Amino acid sequence: MGEIVAGRNPVRELLRAGRRGVREVLATARVASEEWLLAAALPVRSVERSQLDELAGVEHQGVVALADPYPYVDADELLAERDALVLALDEVQDPHNFGSVCRIADAVGASGVVICERRAVGVTAAVCRASAGAVEHVRVARVKTLPRWLERAKEAGAWVYLADVEGDPWHRYDYSGRVVLVFGSEGRGARRTVRAVSDAVVALEQRGRVGSLNVAAAAAALAYGVSALRQGILQPKGCS
């Protein structure tokens with residue numbers, strides 16, 4: 001049948017990116033007549049909203065696409081550029097967090113996102129929806145063993161920074177060259193094996209009363225901070 005992509009933005013970005021084939025688009029009569037779908041030059045089958053409710057499993061806004069499987073890439077490809085910035089997730093299971101991280105990666109121009117094959121969410125309809133379609137543009141790689149891949153990344157010249165509330169202030173580093181930012185899973189954080197292979201553990205300054213940020217919020221704050229440092233908008237303090 002094909003993988004489900006549901007919602008206006010996810011389906012629009014699926015068609016715009018052109019990275020995977022689209023087998024069929026189903027939409028309510030009103031959505032099927034919208035200009036962006038008419039311009040797609042694809043057959044659109046008009047169906048009742050109840051059919052989409054049963055098919056999608058997530059909020060669909062009146063449109064669902066049946067697409068080819070998501071095109072995961074080789075993780076090593078993400079380090080090809082000398083200034084590659086990669087976001088890596090250690091067994092993150094919440095599709096909304098994963099989708100949000102993909103949206104962040106797209107926004108900051110990251111080279112891609114690395115996730116675990118086991119005990120982690122992959123690209124699903126919920127992830128596509130949470131990313132507002134950004135996952136169609138961002139390169140996502142799945143690795144069998146994240147610590148082992150991080151070792152390979154270091155051998156390729158990358159610096160690995162693990163985000164953790166107990167780390168050093170993040171702005172002490174300059175983040176030049178190839179950089180991998182690692183974020184732990186919900187609740188448990190990063191595994192000891194991931195921590196052991198990291199070059200540094202970095203923390204975001206927090207002045208409030210809540211103990212920590214969730215994965216998506218931490219990824220947004222740190223990725224934008226690192227991007228600003230790399231563009232010269234901010235200057236590192238006490239560079240290590």
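The values are calculated or read from the model by the stated rules, or taken from the named source; none is laboratory data. Every value quoted in this text rests on a predicted model; they were computed, and no experiment measured them. Ideal geometry is used to build each Cβ from the backbone, glycine not excepted, and the neighbour counts take in all protein chains shown. For accessibility, only protein heavy atoms count, side chains too; no ligands or nucleic acids. Shrake-Rupley method; radii C 1.70, N 1.55, O 1.52, S 1.80 Å.
So in segment 175-197, with the set limited to residues that are open to solvent by 60 Å² or more (accessible area, probe 1.4 Å) and of a type outside the set (Gly, Ala, Ser), which one is nearest to Phe98 (Cα to Cα)?
The residue in question is Glu186.
Looking at segment 62-97, which of its residues are polar (S, T, N, Q) and either buried (at least 19 other Cβ atoms within 10 Å of the Cβ) or modelled with pLDDT of 95 or more (or both)? Quick ask: steps written out before the conclusion?
Our first condition is that a residue be polar (S, T, N, Q); within segment 62-97, this holds for 93, 97.
The one that is polar (S, T, N, Q) and either buried (at least 19 other Cβ atoms within 10 Å of the Cβ) or modelled with pLDDT of 95 or more (or both): Asn97.
In contact with a Phe, Trp or Tyr (Cβ under 6 Å, 6 or more places away or on another chain) and of a type in the set (A, V, I, L, M, F, W, C): which single residue out of Leu55, Leu37, Leu26, Leu89 fits that description?
Leu89
From the list Leu150, Leu162, exactly one residue is part of a helix (DSSP H, G or I), open to solvent by less than 20 Å² (accessible area, probe 1.4 Å), among the aliphatic types (A, V, I, L, M) and under 15 Å from Thr193 (Cα atoms). Which is it? Full working, then the answer.
On the way: Leu162 fails: part of a helix (DSSP H, G or I).
None of the other options fit; the residue is Leu150.
For segment 206-240, enumerate the residues that are open to solvent by 60 Å² or more (accessible area, probe 1.4 Å) and modelled with pLDDT of 80 or more.
Asn214, Tyr224, Arg230, Gln231
Criterion first (in contact with a His (Cβ under 8 Å, 6 or more places away or on another chain), of a type in the set (A, V, I, L, M, F, W, C) and either at pLDDT below 95 or open to solvent by 50 Å² or more (accessible area, probe 1.4 Å) (or both)) does Leu37 satisfy it?
no
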